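Scroll down for the structure; my scribbles are underneath it.
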There are 2 protein chains.
Amino acid sequence: MDEASAQVRILDAAERLCQTRGFNGFSFRDLAEIVGIRSASVHYHFPTKADLGKALITRYRRNMETLLEDMERKERTASGRIKRFAGMLREIVRDENRMCLCGILAAESGAISAEMRAELRRFFEYCERWLARQLEAGRDQGEIAFRGAAGVAAAAMLSTLEGAMMTSRLFGSDKPLRDATQWMMAQFAAA
Amino acid sequence: MDEASAQVRILDAAERLCQTRGFNGFSFRDLAEIVGIRSASVHYHFPTKADLGKALITRYRRNMETLLEDMERKERTASGRIKRFAGMLREIVRDENRMCLCGILAAESGAISAEMRAELRRFFEYCERWLARQLEAGRDQGEIAFRGAAGVAAAAMLSTLEGAMMTSRLFGSDKPLRDATQWMMAQFAAA
DNA sequence: GACAACCTATCAACTGATAGATATACTTCT
DNA sequence: AGAAGTATATCTATCAGTTGATAGGTTGTC
């Protein structure tokens, strides 16, 4: 038996399916089949699909927050931390050609609930703030160079990575994402 | 009455709906209702949804090719042409918060047919080649500066723009895309 | 009379969602 | 300790609505 609770296993299955097929690309029955229960039991844990979607994003964001905060302690240089962040995204693409959960949901943002959208925004805002913090720290250390506001650069960075994930997925290779990461790091390299 | 043929009006409606809700976010009946015919008639023009999707991408790509080739004649500087390209994307976001058709389909690429995916790749390859050509022309003129292969820079550029479109859409504002465009142009500005 | 472009009518499959029964485990009371 | 009650998590069965798709009839034009 799987040790994890049904709730967790439902979220795991939903996350993977959403990352590969999009939010409208899987059903409660798909989840039920994977988890090994009936679709009514999935509804017991997440009454509506919007509830499930919201829980999905919240968990994804919290997990990302934990990972990034851990990284802030463990990785010494700012550019190292940013590279590791990009590496996390690369792992997602590598594993079954998945897309960032929030990236695919942002693309589908016209087809999801307002609550899901609000939660999504929080994810992007958090990532941007984190990246901006790394950029500023790197600039203070003379390790990273850039002109203009750190926030704008961080947003552009995130856009580049999310966009490159999409392309990588489409071409079934992590090369576009690797290239984009390298190009981007070069933009921020101190002269 | 609308002058355009039913086929064109179906594609117009499908394009808009796909850009806002994704490929799984609209039905043959949605299209029929907008165009003012019955869903069976939509199937007459496009037997399956994959057929429709493929036609959608092909038309979008051909249209983009025409626009970009025209632009190559009309706009004198390379940076001007690239800015105009970004401006085209901005217009899409501004108009009902739409997303680039091929961007949203790339995000959903796990949920579409192999034929659609192949057609999608052609779109991205074309855009990348076009951007790379502009970058090289700009560098020759001393108007644009960058290190490394033009192809890699062009791919990164396209990723940045597509990613920023996603973010703009999510936040319901074209500011992220505007900021990303400006940041990107600054990266390529000749010193 | 042939063809293109539409129509009506219908299909089986799938969708998200609900009502209500059942089983199991933990409290609480005698 | 044992009975009774309660909460949680699952089940079966079913719903109405939507989906992509098809068969076959109708209309209008060259």
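Overview of results
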{"quantity": "Restricting the stretch A:10-28 to residues that are open to solvent by less than 60 Å² (accessible area, probe 1.4 Å) and within 11 Å of DNA strand D (Cβ to nearest atom), the residue that is farthest from B:GLY22 (Cα to Cα)", "calculated": "A:ILE10"}
{"quantity": "Single residue of the stretch A:1-19 satisfying the filter (within 14 Å of DNA strand C (Cβ to nearest atom) and more than 15 Å from A:MET116 (Cα to Cα)) that is nearest to the chain's Cα centre (by Cα)", "calculated": "A:LEU17"}
{"quantity": "Test: residue in the stretch A:97-109 that is more than 11 Å from chain B (Cβ to nearest Cβ) and open to solvent by 40 Å² or more (accessible area, probe 1.4 Å)", "calculated": "no"}
{"quantity": "Hits in the stretch B:27-52 - residues which are within 14 Å of another protein chain (Cβ to nearest Cβ) and either within 19 Å of the chain's Cα centre (by Cα) or assigned to a helix (DSSP H, G or I) (or both)", "calculated": "B:ASP30, B:LYS49"}
{"quantity": "Cross-chain or 6+ apart pairs with Cβ under 8 Å, the stretch A:37-50 first and open to solvent by 70 Å² or more (accessible area, probe 1.4 Å), then within 8 Å of DNA strand C (Cβ to nearest atom)", "calculated": "A:HIS43/A:PHE28"}
{"quantity": "The one condition in (1) out of contact with any strand residue (DSSP E or B) (no Cβ under 6 Å at 6 or more places or on another chain); (2) more than 14 Å from every other protein chain (Cβ to nearest Cβ); (3) not aromatic (Phe, Trp, Tyr) that A:ARG61 fails to fulfil", "calculated": "(2)"}
{"quantity": "Any hit, the stretch B:79-86, residues being over 30 Å from B:GLY142 (Cα atoms) and under 14 Å from the mean Cα position of the chain (by Cα)", "calculated": "no"}
{"quantity": "Residues of the stretch B:160-187 classified as open to solvent by 10 Å² or more (accessible area, probe 1.4 Å), on the phi < 0 side of the Ramachandran plot, more than 7 Å from chain A (Cβ to nearest Cβ) and touching a residue at least 12 places away in the same chain (Cβ under 8 Å), total", "calculated": "4"}
{"quantity": "Residue that is within 16 Å of DNA strand D (Cβ to nearest atom), without any contact (Cβ under 8 Å) to a residue 40 or more places away in the chain and buried (at least 20 other Cβ atoms within 10 Å of the Cβ), where the choices are B:LEU56, B:LEU31", "calculated": "B:LEU31"}
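The values are calculated or read from the model by the stated rules, or taken from the named source; none is laboratory data. From a predicted model like this one, the values you see are computed outputs, not experimental measurements. When we count neighbours, we look across all protein chains shown, and the Cβ atoms used for this are built from the backbone with ideal geometry, even at glycine. The area values use the complete protein model at the heavy-atom level, side chains included, leaving out ligands, DNA and RNA. Shrake-Rupley method; radii C 1.70, N 1.55, O 1.52, S 1.80 Å.
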